[in-house]
Amino acid sequence: MKNKTLATWLTFFGGPLGLHRFYLRGMGDLMGWLLPVPTALGLYGIERIQKNGIDDPWSWVLIPLLGFTIAACALTAIVYGLMTPEKWNTKFNPHLPSDAAPGQTNWFTIGAVAIALLLGTTVLMSSIVISFQHYFEYQVEEARKISQ
């Protein structure tokens, strides 16, 4: 029996590690095992920026991977939290009636959706800003080298 509220919170907090996928689909889920890869690469990008400084080109390529993974998991948490009980139970609890309690929405589910919306958009916008800012700075420096 898969609980919608628990799945929503797991998706938001443990999504970049694939915990929600394991909860809903079992340990054999390939996406659950692949989700930690961009998360780890993004964390490596943060480590590189701390070690090599903000001008490290690999860090501004790797860090957005972490941000996009967190944002995608936040979006998935929103989708799970807003899913109707009938659709939830049909998809994840097919042996239960369509209006069974595990698919019901409560205030904890709405809280998870609100936090996922707030933090997911913040992380997504920050990732885009970091990525594009460093890309354009790099392009300006290259143009200056060519024009001199």
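Some points to look at:
- Cα shape, the range 86-148, gyration tensor, a/c 1.5 rule: prolate
- Nearest 10 degrees, 0 to 90: helix 107-147 Cα axis against the chain principal axis: 20 degrees
- Restricting attention to the chain, lysine pairs at least eight places apart or on different chains and with alpha-carbon atoms under 16 angstrom apart total 4.
- Three-way shape call for the range 1-53 based on the alpha-carbon gyration tensor, with the a/c threshold at 1.5: oblate
- In the chain, Cα pairs under 8 Å separated by at least six residues give a relative contact order of 28 percent.
- The residues of the range 57-148 expose on average 62 square angstrom of accessible surface per residue, using a 1.4 Å probe on protein heavy atoms.
- Using a probe of 1.4 angstrom and keeping all protein chains present, the accessible surface of the range 1-52 works out to 57 square angstrom per residue.
- Entry note, the range 67-128: relative contact order of 51 percent, from Cα contacts under 8 Å with a spacing of 6+ residues.
- Candidate values [x] 0.95; [y] 1.02; [z] 1.14, label of the one derived for Rg/Rh (Cα atoms, Kirkwood Rh): [z]
- The chain, accessible surface, carbon-and-sulfur percent (1.4 angstrom probe): 70 percent
- Rounded if a/c under 1.5, otherwise prolate or oblate - the range 31-72, Cα gyration tensor axes: prolate
The values are calculated or read from the model by the stated rules, or taken from the named source; none is laboratory data. Just so we're clear, the structure is a prediction, and the values are computed from it rather than from any experiment. Protein only, heavy atoms only, side chains kept; ligands, DNA and RNA dropped before computing areas. Shrake-Rupley method; radii C 1.70, N 1.55, O 1.52, S 1.80 Å.
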